[in-house]
1. Scanning the stretch B:48-57 for residues that are under 15 Å from B:S74 (Cα atoms) and within 12 Å of another protein chain (Cβ to nearest Cβ), which turns out surrounded by the fewest Cβ atoms within 10 Å (Cβ to Cβ)?
2. Please return the ranges of strands (runs of 3 or more DSSP E) entirely within the stretch A:56-114 where 1 or more residues are modelled with pLDDT under 95 and surrounded by 16 or more Cβ atoms within 10 Å (Cβ to Cβ).
3. Run down B:Q81, B:Q60, B:Q45 and say which single residue is under 25 Å from B:Q14 (Cα atoms) and loosely packed, with under 12 Cβ neighbours inside 10 Å.
4. Considering only residues that are in contact with a strand residue (DSSP E or B) (Cβ under 8 Å, 6 or more places away or on another chain), open to solvent by 70 Å² or more (accessible area, probe 1.4 Å) and over 18 Å from A:G42 (Cα atoms), which ones fall in the stretch B:1-17?
5. Which one of the conditions (1) more than 13 Å from chain B (Cβ to nearest Cβ); (2) within 15 Å of A:F105 (Cα to Cα) does A:W34 fail to meet, given that it meets all the rest?
6. Considering only residues that are touching a Ser or Thr at 6+ places or on another chain (Cβ under 8 Å) and either under 10 Å from B:T110 (Cβ atoms) or open to solvent by 10 Å² or more (accessible area, probe 1.4 Å) (or both), which ones fall in the stretch B:26-38?
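The values are calculated or read from the model by the stated rules, or taken from the named source; none is laboratory data. In this text, all values refer to a predicted model and were calculated from it rather than measured experimentally. Ideal geometry is used to build each Cβ from the backbone, glycine not excepted, and the neighbour counts take in all protein chains shown. In case anyone asks, the SASA skips ligands and DNA or RNA and just uses the protein heavy atoms, side chains included. Shrake-Rupley method; radii C 1.70, N 1.55, O 1.52, S 1.80 Å.
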Amino acid sequence: DSGVTQTPKHLITATGQRVTLRCSPRSGDLSVYWYQQSLDQGLQFLIQYYNGEERAKGNILERFSAQQFPDLHSELNLSSLELGDSALYFCASSVDGGVADTQYFGPGTRLTVL
Amino acid sequence: GENVEQHPSTLSVQEGDSAVIKCTYSDSASNYFPWYKQELGKGPQLIIDIRSNVGEKKDQRIAVTLNKTAKHFSLHITETQPEDSAVYFCAASINVWGGGADGLTFGKGTHLIIQP
């Protein structure tokens, strides 16, 4: 158990809909990362937050957005969903995203878009 | 941006033998190289990592080597056991102290199968 929690475990929805995935980092970690894992694209970095502020952006679509709240939990919002958005979404956390940092991954949310 | 290539995609070894997985990266500024193990239905779990000021690191049966000149790094697992069966991912990142840390760029993964 990494100490990172994600909810829900599974999510099934329809095309065009909007969903919110939630992540709670390990106690004491200030930085949160979101990743998408699919069969064709592999594990891809989406976005990073540090202490409430966006720090780095990867291959995140404009239809996707995220935020980190004052209690440090984070939410990833996916809108206008398409079939191709079906994937595993992982959250990871680290102490401060600096040079000595290690990212610990949560168990993931499996999103199925029908 | 960074590109990480990982080989082989599947590796089958006899229990007790050694397994080696190799990765190459493209960005010479990358300075942090973790390895993750992912079991079915679970998130990636860090097993070992190495930073660019170190050439080799060992933790019991697991070792990682880094060649910065050639831009490649490898995972070595000795005395393999059935519980080592999983998908292994290498990754690379630029971590800048006090600045923005990049996300991890992952290889495509190696499915390691330990034959009893």
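1. Taking the candidates together, the pick is B:R51.
2. On the way: elements: A:64-68, A:74-78, A:87-94, A:109-113.
By residue number, A:87-94.
3. None of the other options fit; the residue is B:Q60.
4. Keep residues of the stretch B:1-17 that are in contact with a strand residue (DSSP E or B) (Cβ under 8 Å, 6 or more places away or on another chain), which gives B:1-15.
From the residues that got through so far, the ones that are open to solvent by 70 Å² or more (accessible area, probe 1.4 Å) too are B:1, B:3, B:5, B:7, B:9-10, B:14-15.
Passing the criteria: B:Q14, B:E15.
5. Only one criterion is unmet by A:W34, namely (1).
6. B:N31 - this is the single residue of the stretch B:26-38 that is touching a Ser or Thr at 6+ places or on another chain (Cβ under 8 Å) and either under 10 Å from B:T110 (Cβ atoms) or open to solvent by 10 Å² or more (accessible area, probe 1.4 Å) (or both).
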